[in-house]
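Asker: Take a look at this one; I'll ask things after.
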Amino acid sequence: MDSGAVSVHFDSGHLFLDLSDGQAVEFPLGWFPVLLTATAAERGCFAISLDRQQLYWPELDEEMDVTALLQSLPDRTRH
């Protein structure tokens, strides 16, 4: 996968992942129990790896692989 993470943001029910190729992908927040129960401040404190393929929330000890996330979605959910 050539796309890398640029940013992450949330609403009450979704995680939104902005990618370097301009795509924005949404995931149900329920897929991520740690993030679902986290505060907005905890969700907002994340890091993106230099290769843009890993997301990490140090306060929550939560890590995600961008490629695996993208492969988990059918093509129709990408915007």
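Asker: Which one is farthest from residue 3 (Cα to Cα), of the residues in the range 14-37 that are free of Cβ contacts under 8 Å to residues at least 40 places away in the same chain and small (Gly, Ala, Ser)?
Answerer: So the residue we want is 30.
Asker: Of the numbered conditions (1) in contact with a Gly (Cβ under 7 Å, 6 or more places away or on another chain); (2) exposed (fewer than 14 other Cβ atoms within 10 Å of the Cβ); (3) not acidic (Asp, Glu), residue 68 satisfies every one except a single condition; which is it?
Answerer: All conditions are met except number (1).
Asker: Take the residues in the range 5-58 that are in contact with a helix residue (DSSP H, G or I) (Cβ under 6 Å, 6 or more places away or on another chain) and assigned to a loop (DSSP other than H, G, I, E, B), then tell me which one is farthest from residue 69 (Cα to Cα).
Answerer: Once the filter is applied, the top-ranked residue is 13.
Asker: Related question: Go through (1) surrounded by 13 or more Cβ atoms within 10 Å (Cβ to Cβ); (2) in contact (Cβ under 8 Å) with a residue 24 or more places away in the chain; (3) of a type outside the set (Ser, Thr, Tyr) and name the single condition residue 51 misses.
Answerer: (1)
Coordinate-derived values only; no laboratory data. Note that this is a predicted model, so its numbers are computed, not measured. Virtual Cβ from ideal backbone geometry, glycine too; neighbours counted across all protein chains shown.
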